[in-house]
Amino acid sequence: MKLIFLGPPGAGKGTQALGVSSRLNVPHISTGNMLRAAVRNETPMGLAAKKFMDAGKLVPDEVLIEMVRERLSMVDCKPGYLLDGFPRTVEQAEALEQIASPDRVINIAVPDECLLDRLTGRRVCGKCSGTFHISKLTDPGVCPVCGWTLTHRDDDQPVTIRQRLKVYHEQTAPLIGYYEGKGKLRTVDGDCAPEEVLASILAALE
Ligand code: AP5
Ligand code: MG
């Protein structure tokens, strides 16, 4: 299965990808996580990408397309993939058609007004990739799954979140119509409990 999760910042793409990729037995490929790893490792690409990410803007298409082309050529992608955060522009979607056309696109829909709180309250684990909301944590600094230190993403500040939402509506939302036109899109309600969102996604994949 070749699958894409589409949705605004904070829709729950990463949260849902963990459960769905293990069920489908395909790798979860988050371009945001790959870019953050490149920033941490101070690679030339990571250093160049950081200024776009910190400003809440998209990293240039050519960088992302090459990164994804290389990742999808790896052996673990033979059974398929779950792409989270790619494509984000029509140019990226057109490139993906040439690399490995998706079978299905899940659009996780959440109203903008819910997203600011989700993102300002998000804490992430650098070890197990767990994602949590501060309201659900007894200790906001410690991962409840593996005990590692939780951090707040640099781009989860209110000003940057508003910019990311603007970029989403201008550059990424047009992909909803793009994939609808190809008959591949299924929209699920992401504004309910995570278990309910998971059930809707699995139903949409049947
Ligand atoms: P990326 O890391 O992909 O960020 P994003 O798309 O903005 O999405 P998020 O990771 O913020 O949200 P999510 O949908 O994964 O939500 P999550 O599950 O964490 O990209 C970061 C940056 O990298 C971009 O801005 C850009 O600069 C660059 N980039 C990446 N890909 C690119 C590309 N293709 N082209 C160009 N540039 C690119 O959940 C969020 C919060 O909500 C958590 O606290 C979670 O606990 C909570 N939550 C989740 N589900 C629910 C629920 N059902 N109910 C209540 N709370 C929930
Ligand atoms: Mg994410």
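Anything in the stretch 119-158 that is of a type in the set (K, R) and within 24 Å of R40 (Cα to Cα)? List them, or say none. Before you say what the answer is, go through the steps one by one.
Of the stretch 119-158, the ones of a type in the set (K, R) are 122-123, 127, 136, 153.
Within the stretch 119-158, R122, R123, K127, R153 meet the criteria.
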Original post:
Restricting attention to the stretch 4-11, does a residue exist that is open to solvent by 20 Å² or more (accessible area, probe 1.4 Å) and over 15 Å from G130 (Cα atoms)?
Top reply: no
**OP:** Report the residue count in the stretch 140-178 for those that are of a type in the set (A, V, I, L, M, F, W, C) and either open to solvent by 90 Å² or more (accessible area, probe 1.4 Å) or modelled with pLDDT under 95 (or both).
**Re:** 3
**OP:** Name, by its number, the condition in (1) open to solvent by less than 50 Å² (accessible area, probe 1.4 Å); (2) at pLDDT 95 or above; (3) away from ligand 2 (no atom under 13 Å from the Cβ); (4) closer than 24 Å to I106 by Cβ that does not hold for G46.
**Re:** (4)
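Each row is one residue, and each column tells you yes or no for (1) over 16 Å from the mean Cα position of the chain (by Cα); (2) closer than 15 Å to K13 by Cα; (3) part of a strand (DSSP E or B).
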site	(1), (2), (3)
V159	yes, no, no
L165	no, yes, no
H169	no, no, no
G177	yes, no, no
E180	yes, no, no
R186	yes, yes, yes
C192	yes, yes, no
Original post:
Checking N25 against (1) open to solvent by 10 Å² or more (accessible area, probe 1.4 Å); (2) within 11 Å of ligand 2 (Cβ to nearest atom), which test does it fail?
Top reply: (2)
Subject >> Enumeration of residues in the stretch 143-164 that are closer than 28 Å to A49 by Cα and among the aliphatic types (A, V, I, L, M) >> reply: L150, V159, I161
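Filter the stretch 119-170 for residues that are polar (S, T, N, Q) and free of Cβ contacts under 8 Å to residues at least 40 places away in the same chain and give the result.
The first filter runs over the stretch 119-170 and keeps only residues polar (S, T, N, Q), leaving 120, 129, 131, 135, 138, 149, 151, 157, 160, 163.
S135, T138, T149, T151, Q157 - these are the residues of the stretch 119-170 that are polar (S, T, N, Q) and free of Cβ contacts under 8 Å to residues at least 40 places away in the same chain.
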Original post:
Across the stretch 123-139, what is the total count of residues that are buried (at least 18 other Cβ atoms within 10 Å of the Cβ), more than 14 Å from the chain's Cα centre (by Cα) and either over 22 Å from S30 (Cα atoms) or not hydrophobic (A, V, I, L, M, F, W, C) (or both)?
Top reply: 1
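Restricting attention to the stretch 28-41, report how many residues are open to solvent by 60 Å² or more (accessible area, probe 1.4 Å) and either away from ligand 2 (no atom under 13 Å from the Cβ) or among the aromatic types (F, W, Y) (or both). Full working, then the answer.
So the first thing to find is which residues in the stretch 28-41 are open to solvent by 60 Å² or more (accessible area, probe 1.4 Å), and the list is 33, 40-41.
Of the ones still in play, those that are also either away from ligand 2 (no atom under 13 Å from the Cβ) or among the aromatic types (F, W, Y) (or both) are 40-41.
The number of residues fulfilling the criteria is 2.
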Original post:
Based on what the data block shows, is A95 at pLDDT 95 or above, surrounded by fewer than 20 Cβ atoms within 10 Å (Cβ to Cβ), within 14 Å of the chain's Cα centre (by Cα) and of a type outside the set (D, E)?
Top reply: no
Subject >> Complete set of residues in the stretch 179-206 that are surrounded by 18 or more Cβ atoms within 10 Å (Cβ to Cβ) and more than 12 Å from ligand 1 (Cβ to nearest atom) >> reply: Y179, L185
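The values are calculated or read from the model by the stated rules, or taken from the named source; none is laboratory data. Remember, predicted model here, so these are calculated numbers, not experimental data. Every residue, glycine as well, gets a Cβ built from its backbone with ideal geometry; the counts of neighbours run over all protein chains shown. When the accessible area is computed, the model is the full protein with side chains, heavy atoms only, and any ligands, DNA or RNA have been set aside. Shrake-Rupley method; radii C 1.70, N 1.55, O 1.52, S 1.80 Å.
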